[in-house]
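Reviewing the structure listed below.
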Amino acid sequence: METNFSKEQLKDIDNKSSEKIFRKCVHCGFCNATCPTYQLLGDELDGPRGRIYLIKDMLENNKPANEKIVKHIDRCLSCYSCMTTCPSGVNYMHLIDHGRSHIEKTYKRPFRDRLIRSFLSITLSKSIYFRIVGNLSKFIKPLSFFLPNKLKEMINLMPVTFPSKQLPKKEIYPAKNKKKPVARVALLTGCVQKVISPQINEATIRLLNRHNIEVVVPKGVDCCGSLNHHLGKSNLANKTFRKNISIWYEEYLKNGLDAIISNTSGCGTTLKDYGFIFRSDTDLKKKAKKISELTKDITEYLDDKVKLNFIPKNINEKKYRIAYHSACSMQHGQKVHKEPVDLIKKTGNEVLEIEDGHLCCGSAGTYNLLQSSIAKRLLKNKIENIEKTNPQFISTGNIGCITQIAQGTNIPILHTVEIIDWYTGGPKPKALKNI
Ligand code: SF4
Ligand code: SF4
């Protein structure tokens, strides 16, 4: 794609990087074929190629965003299915991030939208605020008919009870053999996930400790920053990124870290991009690059680095049919797909392929809250395809997908790490108590 940035414009590091990406695009449109929003809405501007043109036009011509551009950019799920399909290696993720940040700087959203986006930015990125709002929503729910539709939907989606934790909060969870751990890893425990599904972090810690790996949860790391990053709130996101990078890097230097484990693929994708985000920051670029290199999805780490001790099963023991839902951030964002599937297969159960498995379930961070009608259509399609496989339960690696899919079906859904923990000596997940 031909570009027309001036020399002055190219002094800006973000313009410079985006220009390189634009130049790779050959307009072929292959990406549209696998874009969920293009498939549903059939508008060129709701596909990756059209969005690339919109972003290029804004940046090249120093144009502020307008209502039309914002509508089509906001409809993008950031599922990165287009990146898997693109034969030219166009990094759409970096373009859409740049586009969103440009929108935030140049466009004033209507008051109601600003209010909702600020509400999400504050409540979802701090686990303590999320818990408070969840508790308050118990009282607001009966009166929610007074609220604007979007806010009403959000309040109704808030959980009112939170499962209790089984593991005490600690900074260090020692390996089984305290004196001779085989590795030491940091775990990103996340913001929303640790409140609504603490069992995921608990299964991760138990499993790693049982395999003689020390797990550290350094104080001060809460949210990974993706939420604000995807809302285009670069300043807030960068503040979180900086804090996390400093904390983990210090831990790496002082006590050593073999990996930083993410068990939420949306967060893992962002952590793996810290190096790019701070590529021109003299203070942080080396540290950010190291943090990105150390980051591994839990299934990637288990598959590559851990000799798992699966408990031999009795021949008569029940075998399950498990539908594996590959989260977009996992399969397209991190290119991790085979690893979780192989791990589940090692449990002796059957892994079922879901038709159109490359398409998003509609969760996509805050997408199901901000673009609920598209998200509902995507969810409906996803559930139909899952149910066709007739599974006994579903497995995936992202809390957003777990929450979204659970809204559309009664089939139990587990994080993949809960299954691996169970088959290597951990407890049977509570969600499966009736099957
Ligand atoms: S990230 Fe997903 S929704 Fe956005 S353009 Fe690419 S394929 Fe379409
Ligand atoms: S598939 Fe890649 S090269 Fe082709 S239009 Fe889409 S982004 Fe451009």
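Values for this structure:
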quantity: Cβ-based charge dipole, the range 300-356, positive-most Cα from 348, 309, 331; calculated: 309
quantity: Whichever aspartates and glutamates have a C-alpha closer than 19 Å to that of residue 346, once near sequence neighbours (fewer than 8 apart) are set aside; calculated: 297, 300, 303, 304, 317, 418, 421
quantity: Distance between modelled label sites at residue 310 and residue 119, nm, 7 Å Cα→Cβ extension; calculated: 4.7 nm
quantity: Candidates 416, 396, 85: whichever shows maximal mean-square fluctuation once the chain is modelled as a Gaussian network with Cα springs under 10 Å; calculated: 85
quantity: Total charge dipole magnitude, the range 165-281, about the Cα centre, Cβ charges on Lys, Arg, Asp, Glu only, Debye to nearest 20; calculated: 380 debye
quantity: Size of electric dipole in the chain: Cβ of Lys, Arg +1 and of Asp, Glu -1, about Cα centre, debye, nearest 20; calculated: 1260 debye
quantity: R0 of 22 Å, Cβ-Cβ distance residue 141-residue 112: FRET efficiency to nearest 0.05; calculated: 0.65
quantity: In order through the range 210-224: 3J(HN,Hα) via Karplus (6.51 cos²θ - 1.76 cosθ + 1.60), integer Hz, x for Gly, Pro; calculated: 4, 9, 6, 10, 7, 10, 10, 10, x, 4, x, 8, 10, 7, 7
quantity: Amide H partners (placed H, <5 Å) of residue 324, local residues excluded; calculated: 352, 354, 395
quantity: 14 Å beta-carbon shell around residue 1, net charge (K/R +1, D/E -1); calculated: +2
quantity: Total charge dipole magnitude, the range 25-156, about the Cα centre, Cβ charges on Lys, Arg, Asp, Glu only, Debye to nearest 20; calculated: 680 debye
quantity: Qualifying aspartates and glutamates (Cα of each under 18 Å from Cα of residue 285; at least 8 residues distant if same chain); calculated: 12, 14, 250, 251, 273, 293
quantity: Listed pairs 138/243; 105/170; 178/430; 105/126 exceeding 31 Å between Cα atoms; calculated: 138/243; 105/170
quantity: Distance between modelled label sites at residue 434 and residue 342, nm, 7 Å Cα→Cβ extension; calculated: 3.6 nm
quantity: Calculated FRET value between residue 7 and residue 84, using beta carbons and R₀ = 35 Å, to 0.05; calculated: 0.55
quantity: Length added when fully stretched, residue 128-residue 409, from 0.36 nm per residue minus Cα-Cα; calculated: 98.3 nm
quantity: Candidates 22, 241, 139, ranked by Gaussian network fluctuation over the chain, Cα under 10 Å, top entry; calculated: 139
quantity: Proximal charge balance of residue 349 [Cβ under 12 Å; K/R count +1, D/E count -1]; calculated: +4
quantity: Antiparallel content of DSSP bridges confined to the chain, in %, to 5; calculated: 10 percent
quantity: Positive minus negative residues near residue 432 (Lys, Arg vs Asp, Glu; Cβ under 14 Å); calculated: +3
quantity: Karplus-derived 3J(HN,Hα), 6.51/-1.76/1.60, for each residue of the range 170-175, Hz, glycine and proline x; calculated: 9, 8, 10, 10, x, 5
quantity: Radius of gyration, Dmax [the range 66-147; alpha carbons; angstrom]; calculated: 17.1, 52
quantity: Cβ-based charge dipole, the chain, positive-most Cα from 164, 189, 228; calculated: 164
quantity: Chain lengthening between residue 153 and residue 210 when straightened (0.36 nm per residue, less Cα-Cα); calculated: 16.4 nm
quantity: Residue with peak Gaussian network fluctuation, the chain [Cα springs, cutoff 10 Å], from 41, 187, 143; calculated: 143
quantity: Cα lying deepest toward the dipole's positive end in the range 72-122, options 86, 76, 116, charges on Cβ; calculated: 116
quantity: Long-range HN-HN contacts of residue 183 with modeled amide H, under 5 Å; calculated: 214
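FYI, it's all coordinate maths here, none of it is from the lab. Worth saying up front: this structure is predicted, and the values here are computed from it rather than measured. Virtual Cβ from ideal backbone geometry, glycine too; neighbours counted across all protein chains shown.
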